[in-house]
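Reviewing the structure listed below.
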Amino acid sequence: MSIQDFVADASRWMQDDGPHADIVISTRIRMARNLRELPFPMLANDTQSEEVLQRVKSAVESDVFEKNGHGRYEFLTLRDVSDVDRQALVEKYLISPALVEHASRGAVALRDDEEVSIMVNEEDHLRLQVLLPGLQLREAWSIANETDDLLESQLNYAFDDRYGFLTACPTNVGTGIRASVMLHLPALVVTQQINRVLSALNQVGLVVRGVYGEGTEAVGNLFQLSNQITLGQSEEEIISNLDSVARKIIEHEQAARHFLLNENREVIEDRIARSFGILAYARRLDSKETMQRLSDVRLGIDLGVIKGVSKNILKELMVMTQPGFLQKFHGAELAPGERDWRRATLVRERLHMDEAQI
């Protein structure tokens, strides 16, 4: 498989632009749902876990989705998927690392355009996810809500009139919704404003996580902002609050970029050009340095310092340079040192697909 094939096969959120795409990498809505009369996954035995798999498989493979304009799904039981392919699904943000930990009982249903994925037997029986490019919280919520209604027409959800949707973790009870946006904030980091901006988020019911969710660190100046509260607020209120705060952070990042261009142009241009040069010619790159240099290059594209390079290069390479994808691309397992060499090669080839001007 060539790098052109990889780019062509990229998920829609990696290929397309969306509103505020210069700062908002992606929007995600996740919904936790459980089936009535079956124990939560952590308490279920093998027979009960298999019962959940079969009920969800039957629901997603029915024709109700295609008849209602919601595409077709492919159902993958993770015990039939290789370790490398599981890792690649995590790196494309289609499944969570937690689902891989329970691969023997887990599965995922993927819509043909990869905008929607439904994880089975993760922390809850179902984790429905919608992933779109740019800032599209209301659009993602609309798709998630319609897909949830179609699933509920075939599955009997665990729901309480007082508490709402019942979930394995009490922090998800109520709406069961987790809305998030992945933000690229290099100017706020460079100008050392990021801690001040993010420190106020807890007071408005929001939290910042790493790019792969809870327990992961922020790399490449990418921050995932999501709601912390699922009980006592409607889905619309949760989304409206997150949308409002995200737009404020976008304004701060835009102001910081304006400051850098006007007050520190030589310094920021030098940083961008150095990072481009390293990515274009280095022979070994580890993951952390790759993400940091890609962040600088993407900032250079957004500021007009670099021309002729696709602005989606950050999204493409942040996925393709991860260990699972590198090994899938190579067709065999790779030791860490070999991955650094292959990563540098892939980045050079991808940059040379475009005609960069600095």
May I ask you to list the residues in region 281-294 that are part of a loop (DSSP other than H, G, I, E, B) and not aliphatic (A, V, I, L, M)? ARG283, ARG284, ASP286
Which residues, counting only those in region 242-289, are at pLDDT below 95 and of a type in the set (S, T, N, Q)? ASN262, ASN264, SER287
Does LEU260 fit the bill of being hydrophobic (A, V, I, L, M, F, W, C), under 26 Å from the mean Cα position of the chain (by Cα) and in a helix (DSSP H, G or I)? no
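Does GLU37 satisfy being open to solvent by 30 Å² or more (accessible area, probe 1.4 Å), among the acidic types (Asp, Glu) and within 17 Å of ARG127 (Cα to Cα)?
Considered against the rule, which asks whether it is open to solvent by 30 Å² or more (accessible area, probe 1.4 Å), among the acidic types (Asp, Glu) and within 17 Å of ARG127 (Cα to Cα), GLU37 comes out as no.
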Which of the helices (runs of 4 or more DSSP H) found entirely inside region 295-358 contain at least 1 residues meeting this: open to solvent by 30 Å² or more (accessible area, probe 1.4 Å) and touching a residue at least 40 places away in the same chain (Cβ under 8 Å)? 323-330, 336-352
Hey, any hits in region 166-177 for a residue that's crowded, with 17+ Cβ neighbours inside 10 Å, farther than 21 Å from ALA44 by Cβ, hydrophobic (A, V, I, L, M, F, W, C) and more than 21 Å from the chain's Cα centre (by Cα)? no
Residue list for region 178-208, filter: among the β-branched types (Val, Ile, Thr), surrounded by fewer than 20 Cβ atoms within 10 Å (Cβ to Cβ) and within 20 Å of TRP141 (Cβ to Cβ): VAL204, VAL207
Among the helices (runs of 4 or more DSSP H) confined wholly to region 114-215, which include 2 or more residues that are modelled with pLDDT of 95 or more and β-branched (Val, Ile, Thr)? 137-152
For region 87-114, which residues satisfy the criterion of being open to solvent by 40 Å² or more (accessible area, probe 1.4 Å) and among the basic types (Lys, Arg)? ARG105
Mind checking which residues of region 61-88 are in contact (Cβ under 8 Å) with a residue 40 or more places away in the chain and within 23 Å of the chain's Cα centre (by Cα)? HIS70, GLY71, ARG72, TYR73, VAL84, ASP85, ARG86, GLN87, ALA88
Could you pull out the residue among SER58, SER49 that is modelled with pLDDT of 95 or more, more than 23 Å from the chain's Cα centre (by Cα), among the hydroxyl-bearing types (Ser, Thr, Tyr) and surrounded by 17 or more Cβ atoms within 10 Å (Cβ to Cβ)? SER49
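The values are calculated or read from the model by the stated rules, or taken from the named source; none is laboratory data. Everything quoted here is computed from the prediction, not taken from an experiment. FYI the Cβ positions are ideal-geometry reconstructions off the backbone, even for glycines, and counts take in every protein chain you see. Each accessible area value is taken on the protein alone, full model and side chains, heavy atoms only, with ligands, DNA and RNA left out. Shrake-Rupley method; radii C 1.70, N 1.55, O 1.52, S 1.80 Å.
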